[in-house]
Amino acid sequence: MYNILLDPLPKDWNGYPIDTDFQTGIMISQCLTDDSLSDLEKFYVAAWLLFPTDSRPDNAGIGKAINWYMTDFLHDNYPEKKRNDVVMDWDIDQWRIYAAFWAQYHIDLNRTRMHWFQFMGLLTNLEECAFTRVMDIRQKEITSKMSPEEKKVYRNAKKIYEIKPPKDESITPEEQARINDFMKYANINKKKK
């Protein structure tokens with residue numbers, strides 16, 4: 001297990017050089033959840049992004065490397081989520097993420113280079129901000145204990161911040177399960193404490 005307090009940020013996977021930039025991590029994340037790509041296309045695009053040189057492991061190694069790259073920064077044991085709501089989207093939430101990094105860390109994400117692990121560590125530890133509030137709204141469960149006014153407010157807010165499903169609804173249940181697994185491992189469904 002990687003420890004930011006003790007270990008240098010990794011620059012390779014088992015001796016194979018990798019592209020560690022956070023923007024590469026975002027592109028791999030987008031690729032792996034892109035419903036217009038087949039599983040094979042997702043695999044090869046992610047492999048090409050992660051390994052920028054011709055020096056790559058075999059396909060089994062590439063699969064392990066992608067999983068490691070996308071999840072090794074996670075050290076918490078979050079319980080399984082009952083609902084499969086996606087609460088974050090790199091495109092829709094881009095300005096909220098950008099503003100949060102600028103306000104809290106004084107980091108201009110458009111001009112900086114940062115390791116993916118470092119970026120995800122900072123992203124998953126943001127203090128309350130527009131980004132975390134929108135994520136909270138998206139995952140807020142409307143219950144019978146809420147007043148009618150409160151239910152109305154949350155329904156309207158959820159509609160405003162809804163992440164719309166892809167227009168092509170030909171996703172199989174198996175593909176959706178894989179997407180949900182990735183989102184869980186990428187810590188995108190994390191609830192605020």
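The values are calculated or read from the model by the stated rules, or taken from the named source; none is laboratory data. Note that this is a predicted model, so its numbers are computed, not measured. Using ideal geometry, Cβ is built from the backbone for each residue, glycine included, and neighbour counts are taken over all protein chains shown. Note: accessible area is taken over every heavy atom of the protein model, side chains too, but ligands, DNA and RNA are not part of it. Shrake-Rupley method; radii C 1.70, N 1.55, O 1.52, S 1.80 Å.
Among the trypsin sites (Lys or Arg not before Pro) in region 1-78, which ones are in a DSSP loop with at most 14 other Cβ atoms within 10 Å of the Cβ? Mind listing them?
Passing both the DSSP loop test and the Cβ count: K11.
Run through region 99-148 and list the trypsin sites (Lys or Arg not before Pro) located in a DSSP loop whose Cβ has at most 13 other Cβ atoms within 10 Å. Please report the intermediate quantities before stating the final value.
Values: sites: R111, R113, R133, R138, K140, K145; in loops: R111, R113, K140, K145.
Answer in residue order: R111, R113, K145.
Dipole of region 1-129, Cα-centred, from +1 at each Lys and Arg C-beta and -1 at each Asp and Glu C-beta, to the nearest 20 debye?
Details: 10 positive and 20 negative charges, 34 e Å.
It works out to roughly 160 debye.
Mind checking the full-extension length gain between K145 and T53? Use 0.36 nm per residue of separation minus the Cα-Cα distance, one decimal, nm.
Computed gain between K145 and T53 is 27.5 nm.
With labels modelled as points extended 7 Å from the Cα through the Cβ direction, what inter-label distance (nm, one decimal) is found for V86 paired with K64?
So the label points at V86 and K64 sit 3.0 nm apart.
Heavy atoms only, probe 1.4 angstrom, no DNA, RNA or ligands counted: give me L123, L5, L32 ranked by accessible area, highest first. Each step should come with its number before you reach the end.
Details: L123 20, L5 150, L32 40 Å².
Listed by decreasing accessible area, they come as L5, L32, L123.
Based only on Cα atoms, what Rg/Rh ratio does region 35-155 have, Rh being taken as Kirkwood's radius?
Details: Rg = 18.4 Å, Rh = 17.6 Å.
With Rg and the Kirkwood Rh in hand, the quotient comes to 1.04.
Loop-only chymotrypsin sites (Phe, Trp or Tyr not before Pro) in region 105-165, please: DSSP not H, G, I, E or B, and at most 13 other Cβ atoms within 10 Å.
Values: sites: Y105, W116, F117, F119, F131, Y154, Y161; in loops: none.
The qualifying sites: there are none.
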